[in-house]
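These notes concern the structure reproduced below.
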Amino acid sequence: MNMKRIRAVTVAAILAAILIGCGTPKDHRMRVLERVADYEILVDTDTGVCYIRNAGAGGFCVMVDHNGNPYIANGWRDWSDGDALY
């Protein structure tokens, strides 16, 4: 296997573990920030990092700012509730 494939599989496994999780919705890290058509913008409530998800096709990707750094949602530390992803 080449390194790109290994990285892709590792990232997919980590994201799957984060998204699936266990417990009540209160325990989930991912919250839905916005829904538009088949797309959802999600926020990791521990880090504030935003992700975009295509609910129709199942794609999932970290959002980045203009410098290529992970995009951090403004005021994410103040969110005490929201729609749990699962």
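Which residues, counting only those in region 48-61, are under 16 Å from residue 35 (Cα atoms) and surrounded by 10 or more Cβ atoms within 10 Å (Cβ to Cβ)? Break it down stepwise before answering.
Keep residues of region 48-61 that are under 16 Å from residue 35 (Cα atoms), which gives 50-61.
Of everything in region 48-61, those that are under 16 Å from residue 35 (Cα atoms) and surrounded by 10 or more Cβ atoms within 10 Å (Cβ to Cβ) turn out to be 50, 51, 52, 53, 54, 55, 59, 60, 61.
A quick yes/no check of all residues on (1) at pLDDT 90 or above; (2) within 21 Å of residue 8 (Cβ to Cβ):
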site: 27; (1), (2): no, no
site: 32; (1), (2): no, no
site: 41; (1), (2): no, no
site: 44; (1), (2): no, yes
site: 63; (1), (2): yes, yes
site: 70; (1), (2): yes, yes
site: 73; (1), (2): no, no
site: 78; (1), (2): no, no
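Which of the residues spanning region 25-65 are of a type in the set (Ser, Thr, Tyr) and within 21 Å of residue 7 (Cβ to Cβ)? Talk me through it step by step, then tell me what you get.
Step one: filter region 25-65 for residues of a type in the set (Ser, Thr, Tyr), giving 39, 45, 47, 51.
Answer for region 25-65, where residues must be of a type in the set (Ser, Thr, Tyr) and within 21 Å of residue 7 (Cβ to Cβ): 47, 51.
The values are calculated or read from the model by the stated rules, or taken from the named source; none is laboratory data. Here the structure is a predicted model, which is why all the values come from computation and not from measurement. So basically every Cβ, Gly included, is an ideal-geometry build from the backbone, and we count neighbours across all protein chains shown.
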